[in-house]
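Enquirer: There's a structure below that I have some questions on.
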Amino acid sequence: LRMYAERKGLPLRRVSVTLDHDKAGDDSGTRDRIVRTITLEGDLTAEQRARLLQIAGKCPTDRLLAQPLVLACRLTD
């Protein structure tokens, strides 16, 4: 978000993110749910804030966590 804001000349001073994890039930059973809360500091318009939220949803970490993943575990010698 900071890189995007700098490139676009947005007055973003600070970004902080908190994550909350819980279990959410749906038709396919219980799944893990992560709720991300983003705090943007700076003199931003509503449109700029909305665009930064869109950009946050396109970051590599968001993309990784939003799709099925294979988790492997191995021991080292």
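The values are calculated or read from the model by the stated rules, or taken from the named source; none is laboratory data. These figures come from a predicted structure and were not determined experimentally. Quick reminder, even Gly has a Cβ in these numbers, built from the backbone with ideal geometry, and neighbours come from all protein chains shown. The area values use the complete protein model at the heavy-atom level, side chains included, leaving out ligands, DNA and RNA. Shrake-Rupley method; radii C 1.70, N 1.55, O 1.52, S 1.80 Å.
Enquirer: Ignoring ligands, DNA and RNA, what percent of the 1.4 Å accessible area of the chain is carbon and sulfur?
Expert: On the way: 3570 of 6920 Å².
About 52 percent, which is the carbon plus sulfur part of the accessible surface.
Enquirer: Over all directions, how big on average is the projection of the convex hull of the alpha-carbon atoms in the chain, in square nanometres?
Expert: Numbers: hull surface 32.6 nm².
Value for the chain: 8.2 nm².
Enquirer: How much accessible area per residue does the chain have, in Å², with a 1.4 Å probe?
Expert: Values: 6920 Å² over 77 residues.
Averaged over the residues of the chain, the accessible area is 90 Å².
Enquirer: With axes computed from alpha carbons, what is the tilt in degrees of helix 46-56 against the longest principal axis of the chain, rounded to the nearest 10 within 0 to 90?
Expert: Helix 46-56 sits at roughly 30 degrees to that axis.
Enquirer: Further, regarding this structure: Would you calculate, for the chain, the mean residue ellipticity at 222 nm contributed by helices, counting each DSSP H stretch of 4 or more residues as -39,500 (n - 2.57) and dividing by all residues, to the nearest 500?
Expert: Values: 3 runs with 25 residues, N = 77.
Using -39500 (n - 2.57) per qualifying helix, the result is -9000 deg cm²/dmol.
Enquirer: Give the longest segment of the chain that steers clear of trypsin sites (Lys or Arg not before Pro) in DSSP loops with at most 13 neighbouring Cβ atoms within 10 Å, not counting the sites themselves.
Expert: Numbers: sites that count: K58, R74.
No qualifying site falls inside 1-57, the longest such stretch.
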